[in-house]
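J.: Provided herewith is a single structure, encoded as structure tokens, for subsequent inquiry.
The values are calculated or read from the model by the stated rules, or taken from the named source; none is laboratory data. Computed from a prediction, not measured in an experiment: that's the story for all the values here. In this analysis, Cβ positions are derived from the backbone assuming ideal geometry, glycine residues included, and neighbour counts consider all displayed protein chains. Side chains included, ligands, DNA and RNA excluded: accessible areas come from the protein's heavy atoms. Shrake-Rupley method; radii C 1.70, N 1.55, O 1.52, S 1.80 Å.
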Amino acid sequence: MKQFLSILIGAAIVAAAWVATFGNPLETGQPAEVARASQPGQPRAGRAGGGTMVTVAPVVVEPYNDVFRSVGTARAKSSVTVETEVSGQVTEIHFGPNQKIAAGAPLLSLDDELERIAVRAVEASLAQARATQERYETLRQANSGAITAVSLTEAITAVEIAEAELARAQYDLAQKTVRAPISGILGLTDVEQGDVLATGAEVVTITDQSALTIEFGLPDRAASALEVGQPVRLSTGSLPGRVFEGLVAGYDGQIDSTTRTIKVRARVDNAAGLMLPGMIFNAMLFPENPPLPRVPANAITWGRDGASVWLVEEGRAQRVGVAIRHRQNDMVWLDAALADGALVVVEGVQKLRPGAEVVILPSDTQDESGPVAIDLSADQGGQTGIKVTE
């Protein structure tokens, strides 16, 4: 008797656990498999009335927001270290540190007394040669016979030689004044008045920082999205809270085989002089992407032929091969022939076969583009009518 009571108590416990877990299908009038699928938190896949029960989500065709980030160092538009072309003693300094200077402005004056003397001597020789040439030409025109054609030619040649010597003497004199080759900001210098400088001595560095070039690397997948003139957003820890807009000035024509990155150069205007060469910048590119079908990530299935989704058409499932182009959170953008608003299976894909009949169940989640409402009201024939609205 005790053994019989133990068996009854055990059966009662098992029955109570069954009802608590799956419900009582006799009370709902539904098959046990349908009752299980309708319970919150239970798998949605099953079969009822010959169809596989699934949940679906609509395809949304829209562009995705892709961001490429990198870090680069700023370089000045141009930077020149000025050197002397001739030796000499510094007689005057025309600049100060951090001064803005225009191209061609004088920086240093070197002792030029000898060069000035040389210029005067050549000028005198040139004046004498020209006077001789004019006298010979006058005599030749008068047909005096005293000046031959050869003599006149020699006089003309002497004038040309004197003009060339004068140009050389004036050039040597000009080299005694060191001038700025470019416009920009002057750096520090160790040169002082009275110093004797040798040829090639460094005077000062001039930096044109009216625009900066930032060089950085991007992953190889960014190569197809790069364009000259493309906007670049730049920020630096040296200027917190400031964001600068630059443009892609150019990029390398090949991928680095070691780092698998492509070198990019961006140009940013710096007319206000806030940014300095050598600063480290965070660079961000936001390439424009064409609209592509977007679906939940759990709609993707994998097989021997790669990725695919199950498309629901006229109550039946069809497999469509896809290529994943971008993933963001739980959404993926696909390269596939999927129309906007088409329905893809997101739950219940494990039991699907091509052409299989499906029964769509309501979803407990919402797509980012809005909820999908499923009307499963039964018609007079006892069949389930499916109506999908966004």
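J.: Between segment 241-297 and segment 67-87, how many Å separate their Cα centres?
T.: 19 Å
J.: Which whole-Hz ³J(HN,Hα) couplings does segment 321-338 yield from phi under the Karplus relation 6.51 cos²θ - 1.76 cosθ + 1.60, θ = phi - 60°, glycine and proline marked x?
T.: With coefficients 6.51, -1.76 and 1.60, one gets x, 9, 10, 7, 9, 7, 10, 9, 6, 9, 10, 10, 9, 10, 9, 7, 8, 10 Hz.
J.: So with the 1.4 Å probe, I'd like the accessible area per residue for segment 86-151, rounded to whole Å².
T.: Averaged over the residues of segment 86-151, the accessible area is 63 Å².
J.: In what sequence, largest accessible area first, do K176, K263 appear using a 1.4 Å probe?
T.: Solvent-accessible surface, decreasing: K263, K176.
J.: Taking the Cα centre of segment 62-158 as origin, work out the dipole magnitude from +1 charges on Lys and Arg Cβ and -1 charges on Asp and Glu Cβ, in debye rounded to 20.
T.: 180 debye
J.: Here's another thing I want to ask about it. Summing Lys, Arg as +1 and Asp, Glu as -1, what charge do residues with Cβ under 13 Å from the Cβ of D220 carry, D220 excluded?
T.: Computed value for this residue: +1.
J.: Near the amide H of T177, under 5 Å away, which other amide H atoms are found, from residues 5 or more places off or on another chain, if H is placed in the peptide plane?
T.: L110
J.: Please give the net charge around S70, taking every other residue with its beta carbon less than 14 angstrom from that of S70, where Lys and Arg add +1 and Asp and Glu add -1.
T.: Details: positive: R69, R221, R233, R260, K263, R265; negative: D66, E215, D220, D252, D256.
Cβ neighbours under 14 Å give a net charge of +1.
J.: Sticking with this one: From the phi angles alone, apply the Karplus equation (6.51, -1.76, 1.60; θ = phi - 60°) to segment 161-166 and give each ³J(HN,Hα) in whole Hz, x where the residue is Gly or Pro.
T.: With coefficients 6.51, -1.76 and 1.60, one gets 5, 5, 5, 5, 5, 5 Hz.
J.: Give, as a single signed number, the net charge of other residues whose beta carbon lies under 12 Å from the beta carbon of T205, with Lys and Arg counted +1 and Asp and Glu -1.
T.: Charge balance in the 12 Å sphere: -4.
J.: Another one. Given Cβ point charges of +1 (Lys, Arg) and -1 (Asp, Glu) and nothing else, what value in debye, to the nearest 20, does the dipole of segment 120-214 about its Cα centre take? If you can, show how the numbers build up before the last one.
T.: On the way: 7 positive and 13 negative charges, 84 e Å.
In debye, rounded to 20, segment 120-214 gives about 400.
J.: Still on this structure, I have one more. Of A76, A118, G96, which is farthest along the charge dipole of segment 66-142 in the positive direction, counting Lys and Arg as +1 and Asp and Glu as -1 at C-beta?
T.: My answer, from the dipole projection, is A76.
J.: Something else now. Under 5 Å between amide hydrogens, which residues at least 5 positions from V60 or on another chain qualify, with H placed 1.01 Å from N in the peptide plane?
T.: R294, G341
J.: State in Å² the accessible area per residue of segment 155-227; use a 1.4 Å probe, count heavy atoms of protein chains only, and round to the nearest integer.
T.: With the other protein chains kept in place, segment 155-227 gives 51 Å² per residue.
J.: Ok, one more. Computing the accessible area with a 1.4 Å probe over protein heavy atoms, can you report the carbon and sulfur percentage for segment 144-254? Write down the numbers at each step before the final one.
T.: Numbers: 3150 of 6100 Å².
Ligands and nucleic acids excluded, carbon and sulfur reach 52 percent.
J.: What figure, in Å² to the nearest 10, do you get for the accessible area of D330 with a 1.4 Å probe and non-protein molecules left out?
T.: 90 Å²
J.: Given the Cα-Cα distance of T91 and A225 and 0.36 nm per residue of separation, how much length would full extension add, in nm? Each step should come with its number before you reach the end.
T.: Values: separation 134, 0.36 × 134 = 48.24 nm, distance 5.73 nm.
Contour length minus Cα-Cα distance gives 42.5 nm.
J.: Mind jotting down a quarter of the surface of the convex hull over the alpha carbons of segment 186-259, in square nanometres, one decimal?
T.: 9.3 nm²
J.: Per residue of segment 282-299, what does 6.51 cos²θ - 1.76 cosθ + 1.60 with θ = phi - 60° give for ³J(HN,Hα)? Whole Hz please, x for Gly and Pro, Karplus curve as stated.
T.: Values per residue, Gly and Pro as x: 8, 10, 10, 10, 10, x, 7, 10, x, x, 9, x, 10, 9, x, 5, 6, 7 Hz.
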